[in-house]
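Colleague: For reference, the structure I am asking about is given below.
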Amino acid sequence: MSPVLEMNGIVKRFPGVLANDHVDLRVEKGEVHALLGENGAGKSTLMNVLYGMYEADEGDIRFKDQEVHVKGPGDAIALGIGMVHQHFMLVPALTVVENVILGMKDNGRVLDLKAAAEKITALAERYTMKIEPFTLVGQMSVGQQQRLEILKALYRGAELLILDEPTAVLTPQEVKGLFNMIGAFTSEGRTVIFISHKLKEVMAISDRVTVLRSGKVAHTLHTSDTDPKELARLMVGREIDLSCEKFSCADNREVLRMERVCAENEKGMAILKELNLTIREGEILGVAGVDGNGQDELAEVLTGLRRVTSGTITMNEKDITNASCRHILNQGVSHIPADRQLRGMIGDMNVVENLLLMRYHDRPFAKPFHLDWKRIEHRAETLVKEFQVKTPGIKVPMATLSGGNQQKVVLGREIERNPKLLVAMHPVRGLDIGATEYIHKRIIEQRDRGCAILLISTELEEILELSDRIVVMYEGEIMGSVDCSCVTIEQLGLMMAGHRWEEVAGEKSEG
Ligand SMILES: Nc1ncnc2c1ncn2[C@@H]1O[C@H](COP(=O)(O)OP(=O)(O)O)[C@@H](O)[C@H]1O
Ligand SMILES: [Mg+2]
């Protein structure tokens, strides 16, 4: 049987970048075909070529045994190809049904919204999705908006559905819903191309997987014949160590204790509500939760950037509640902020200067009336080498470094102080697997040295991989504090949606 889709020798160049380098892709009818690769590997570009958003410089495309020339999304849709982009393309001021029929050619003279709404509801049911046709899109959650994007493609008769990194914005429960929808869709003999850089979900959902690396196909294989380790190696081009040893810290000395900590936002609304938590020496406490549930404020009260309105924070038995940033820093607290470009570094300053931030008061760099630049530069050279920062030199502006290398500079500066507590917020957000592995290793090294670590992340995989214990935050409260080894991903997902541990503790995996 010939494949439903064949892309042959696709080349796509952007100024200075070869995004797709003679890519061959074969997709069988009725399969879930994963397109796996790191950020920048060329996945979206390849699919945008298929969907008619870009024109390929070389290569040809066959769909259902015909050579096709897709000049724009209209052509793709007419062929039965639908795509849900990483960034949605919906109109917030319109309803679900208006968004679905927007821009369709055969709407007839009079828009029959009622008939369209019925068709949408029927489609949604058929694919195990829930949607309310007359809701305004602007009032819908991200997960609901994604369902709408999918429905829009299905409404237009998609037989091949391209999903570009669809799980990035979903909770584990919503991911499950999406996977059910994909199952229902492919059981009808239709086909899905599933773009992802996450190994576990590719293993869970796909029949076959094509790995892209630097614009080229590294391999296409049956998912059942491979494992995450091999896929990681294909993605990165070298061996990757995904494991992290864990130890019990129950008897270790307590480093940080927060008791009934409350804080308010700028409008005077409670944003942290009676927070209790402790971290011990050599322990990684993971803080899970959907973005915006008080995680930023938690990091801020710990680093002196926000006042608490009540409650106490103690570090090594010293009260640091509402102490100044500098005082907290001097107690041995290091901070990897969520937004490295905003708070972690100064883009216009060079690497040396960035490494000096927060140290310019200290000996031996500060001498009476001047800074010892020779010593400072020597230290910068050493740190750049030690933290494997790829940069043409230590005097280039930070802004010219790649994200991964900027983060290595920030991490190097924060770790060099041998902190007693490290507050790490989204430490690998936006970084590729290579840099992620490196940063995680250095964080684990700190743990093994005895540092207490607060790891805040919206990526459950990262939290589960590194943490010894996990707390889940929801609307400024902690839903539960659990040992990493006795909690399931479903339970974490439920807590992220506002259920307390006591409610979900009995819940076993829903299978
Ligand atoms: N419109 C564009 N203009 C210039 N460069 C682009 C454009 N789109 C993508 N690129 C570049 O092409 C490469 C592949 O990008 P992309 O296909 O988005 O990767 P992926 O989806 O795998 O993360 C990257 O180096 C990216 O910077
Ligand atoms: Mg992409």
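Colleague: Return yes when S214 is open to solvent by less than 30 Å² (accessible area, probe 1.4 Å) and either touching a residue at least 12 places away in the same chain (Cβ under 8 Å) or under 23 Å from E465 (Cα atoms) (or both) and no when it is not.
Modeller: It is false that S214 is open to solvent by less than 30 Å² (accessible area, probe 1.4 Å) and either touching a residue at least 12 places away in the same chain (Cβ under 8 Å) or under 23 Å from E465 (Cα atoms) (or both).
Colleague: To continue, here is another question. Are there any pairs, at least 6 apart or on different chains, whose C-beta atoms fall under 6 Å, with the first in the stretch 156-177 and over 14 Å from P73 (Cα atoms) and the second open to solvent by 30 Å² or more (accessible area, probe 1.4 Å), and if so, which?
Modeller: Pairs that qualify, where the first residue is over 14 Å from P73 (Cα atoms) and the partner is open to solvent by 30 Å² or more (accessible area, probe 1.4 Å), are E159/R190; D164/S44; D164/Q86; E165/Q86; V169/V142; P172/I489.
Colleague: While we're looking at this one, here's another question. Take the residues of the stretch 68-86 that are open to solvent by less than 30 Å² (accessible area, probe 1.4 Å), within 16 Å of ligand 1 (Cβ to nearest atom) and within 23 Å of P15 (Cα to Cα): which is modelled with the lowest pLDDT?
Modeller: The selected residue is H85.
Colleague: Can you go through D21, D65 and tell me which one is more than 24 Å from P166 (Cβ to Cβ), open to solvent by less than 50 Å² (accessible area, probe 1.4 Å) and either touching a residue at least 24 places away in the same chain (Cβ under 8 Å) or of a type in the set (D, E, K, R) (or both)?
Modeller: Only one candidate qualifies: D21.
Colleague: Output the number of residues of the stretch 332-346 satisfying the condition of being in contact (Cβ under 8 Å) with a residue 12 or more places away in the chain and not in a helix (DSSP H, G or I).
Modeller: 9
Colleague: Now a separate question. Hey, V32 hits all of (1) modelled with pLDDT under 95; (2) more than 15 Å from ligand 1 (Cβ to nearest atom); (3) touching a helix residue (DSSP H, G or I) at 6+ places or on another chain (Cβ under 6 Å) but one; which does it fall short on?
Modeller: Condition not satisfied by V32: (1).
Colleague: How about the stretch 133-178: which of its residues are β-branched (V, I, T) and within 16 Å of ligand 1 (Cβ to nearest atom)?
Modeller: Selection gives I162, T167, V169.
Colleague: Mind checking which residues of the stretch 187-201 are open to solvent by 70 Å² or more (accessible area, probe 1.4 Å) and assigned to a helix (DSSP H, G or I)?
Modeller: K200, the sole residue that qualifies.
Colleague: Go through the residues of the stretch 127-143 one by one and say whether even a single one is under 24 Å from M7 (Cα atoms) and open to solvent by less than 60 Å² (accessible area, probe 1.4 Å).
Modeller: no
Colleague: Got a sec? Which of A184, A204, A218 is in a strand (DSSP E or B) and among the small types (G, A, S)?
Modeller: Exactly one residue qualifies, and that residue is A218.
Colleague: Here is a list: M89, M53. Which entry is of a type outside the set (D, E) and within 15 Å of ligand 1 (Cβ to nearest atom)?
Modeller: M53
Colleague: Before we move on, is M7 away from ligand 1 (no atom under 12 Å from the Cβ) and either aliphatic (A, V, I, L, M) or surrounded by fewer than 23 Cβ atoms within 10 Å (Cβ to Cβ) (or both)?
Modeller: So M7 fits the description; yes.
Colleague: Can you give me the number of residues within the stretch 391-427 that are more than 22 Å from R379 (Cβ to Cβ) and at pLDDT below 90?
Modeller: Number satisfying all stated conditions: 2.
Colleague: Turning to a different aspect of this structure: Would you mind finding the one in G16, G40, G59 that is under 22 Å from the mean Cα position of the chain (by Cα), farther than 27 Å from F185 by Cα and within 16 Å of ligand 1 (Cβ to nearest atom)?
Modeller: Numbers: G16 fails: under 22 Å from the mean Cα position of the chain (by Cα); G59 fails: under 22 Å from the mean Cα position of the chain (by Cα).
So the residue among G16, G40, G59 that is under 22 Å from the mean Cα position of the chain (by Cα), farther than 27 Å from F185 by Cα and within 16 Å of ligand 1 (Cβ to nearest atom) is G40.
Colleague: Follow-up. If we scan the stretch 271-289, do we find a residue that is surrounded by fewer than 16 Cβ atoms within 10 Å (Cβ to Cβ), at pLDDT below 95 and part of a loop (DSSP other than H, G, I, E, B)?
Modeller: No, because not a single residue in the stretch 271-289 is surrounded by fewer than 16 Cβ atoms within 10 Å (Cβ to Cβ), at pLDDT below 95 and part of a loop (DSSP other than H, G, I, E, B).
Colleague: While we're on this one: Considering only the stretch 1-100, give the strands (runs of 3 or more DSSP E) lying wholly within it that have at least 1 residues that are farther than 30 Å from D227 by Cα and more than 16 Å from ligand 2 (Cβ to nearest atom). Break it down into steps so the answer makes sense when it comes.
Modeller: Working: elements: 5-14, 17-27, 32-36, 58-63, 66-68, 81-84.
Ranges flagged: 5-14, 58-63, 66-68.
Colleague: Pick from G393, G430: which is surrounded by fewer than 22 Cβ atoms within 10 Å (Cβ to Cβ) and touching a Gly at 6+ places or on another chain (Cβ under 8 Å)?
Modeller: G430
Colleague: Inside the stretch 292-329, can you point out the residues that are within 30 Å of L431 (Cβ to Cβ) and surrounded by fewer than 16 Cβ atoms within 10 Å (Cβ to Cβ)?
Modeller: Across the stretch 292-329, the qualifying residues are G292, L305, C325, R326.
The values are calculated or read from the model by the stated rules, or taken from the named source; none is laboratory data. Keep in mind it's a predicted model, so treat the numbers as computed, not measured. FYI the Cβ positions are ideal-geometry reconstructions off the backbone, even for glycines, and counts take in every protein chain you see. Ligands, DNA and RNA are excluded from the accessible area calculation, which covers all protein heavy atoms including side chains. Shrake-Rupley method; radii C 1.70, N 1.55, O 1.52, S 1.80 Å.
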